[in-house]
Amino acid sequence: MNKHELNHTFEWENHRGPFRLLDEEQARQYDEQGFLVFEDVFDRETIEALIEELDPIERDLEKMIEEHFGGKIFITRSGEITFTPHTVLRSPKAREITRSPFFCDLVHDLLGDDVRLYWDQAVYKKPGTADIFPWHQDNGYSYVEPQQYLTCWLALTDADEENGCPIVLPGFHREGTWAHETTDLGFDCGANPTEHEAIAAPVRAGSLVAFSSLTPHKTGPNMTMDRIRKTYIIQFAPDGAEVLKQEGTEITRIPCDAADRQYPILVGGQPASDRGTA
């Protein structure tokens, strides 16, 4: 794998307490392997209420793509896999979960005292989807500085190796963002690990995998015939983070502070009120 053209001087920053949620062993694992699994974070009622709001939003997206884009737009493929972004704009439950005490404590421990929501999306992998989602780093899609932000992969339905749970490649996050190639299935960082290097992370509904934006990961096919693998992806970044776009020698910096959807989670270490403003 080759480094991203903007990744020049990256150095991984290890995490030190005091922690609100993590213990020392979890902090060490995150620094060494780039991911953590948290079981049963949200109860069944909370997850069902979130699904009830996300399902119609996902159906609207899929219908629009079928009617106006021939069933495919970027990495969303109707009937196979859908990526429904910015659900916090339409789902009060999604917005509530992003501000939950669990996430407030987690982002404090891994990102610091001042944190914003960076991105959120529902990802539904439909039964019989034969293709994998390729090895990639989240920071390979849009290059964010600081590179070291946080992705939380919240299972809305049970996710296992049969229907496409996350598979992570530990250790490589410490080297920063890698170059990615655009493919029909999604960006690909060119990882080619052995089965012993990659770690599958199956999680029950209500559980989640938290990993660095720099941790290479993929999901496998959904080989079931009757189970939609439903996931809610929530990403958090330090306040002041920017997306960098390079054209030739010119670099444009775009602040990650859209008032309606990149709202504060922590301000000065304390939970931010849900005002929807920057």
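When you scan segment 192-226, how many residues do you find that are part of a strand (DSSP E or B) and hydrophobic (A, V, I, L, M, F, W, C)?
Adding up the residues that qualify gives 7.
State whether the residues of segment 232-239 include one that is of a type in the set (Asp, Glu), in a loop (DSSP other than H, G, I, E, B) and more than 18 Å from the chain's Cα centre (by Cα).
No - not one qualifying residue is present in segment 232-239.
Listed here are the residues, each with its yes/no results for (1) surrounded by fewer than 17 Cβ atoms within 10 Å (Cβ to Cβ); (2) under 17 Å from residue 208 (Cβ atoms); (3) β-branched (Val, Ile, Thr); (4) at pLDDT 95 or above.
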position	(1), (2), (3), (4)
5	yes, no, no, no
9	yes, no, yes, no
19	yes, no, no, yes
26	no, yes, no, yes
32	yes, no, no, yes
36	no, yes, no, yes
40	yes, yes, no, yes
46	yes, yes, yes, yes
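Could you list, in sequence order, all residues of segment 51-81 that are acidic (Asp, Glu) and in contact with a helix residue (DSSP H, G or I) (Cβ under 6 Å, 6 or more places away or on another chain)?
53, the sole residue that qualifies.
Here's the yes/no breakdown for (1) surrounded by fewer than 17 Cβ atoms within 10 Å (Cβ to Cβ); (2) touching a Ser or Thr at 6+ places or on another chain (Cβ under 9 Å):
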residue	(1), (2)
91	no, no
109	no, no
112	yes, no
128	yes, yes
147	no, yes
165	no, yes
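Looking only at segment 1-31, count every residue that is under 28 Å from residue 182 (Cα atoms) and touching a Lys or Arg at 6+ places or on another chain (Cβ under 9 Å) and tell me the total.
Result for segment 1-31: 3.
For segment 246-260, does any single residue satisfy the condition of being at pLDDT below 95, of a type outside the set (A, V, I, L, M, F, W, C), in contact with a Phe, Trp or Tyr (Cβ under 6 Å, 6 or more places away or on another chain) and not in a loop (DSSP other than H, G, I, E, B)?
Checked against the condition, which is being at pLDDT below 95, of a type outside the set (A, V, I, L, M, F, W, C), in contact with a Phe, Trp or Tyr (Cβ under 6 Å, 6 or more places away or on another chain) and not in a loop (DSSP other than H, G, I, E, B), segment 246-260 yields no hits at all.
Scanning segment 1-18 for residues that are out of contact with any helix residue (DSSP H, G or I) (no Cβ under 9 Å at 6 or more places or on another chain) and touching a residue at least 24 places away in the same chain (Cβ under 8 Å), which turns out nearest to residue 145 (Cα to Cα)?
Only one residue fits best here, namely 6.
The values are calculated or read from the model by the stated rules, or taken from the named source; none is laboratory data. Nothing here was measured: the structure is a model prediction, and the numbers come from that model. Counting neighbours? That spans all protein chains shown, and the Cβs are built from the backbone with ideal geometry, glycine included.
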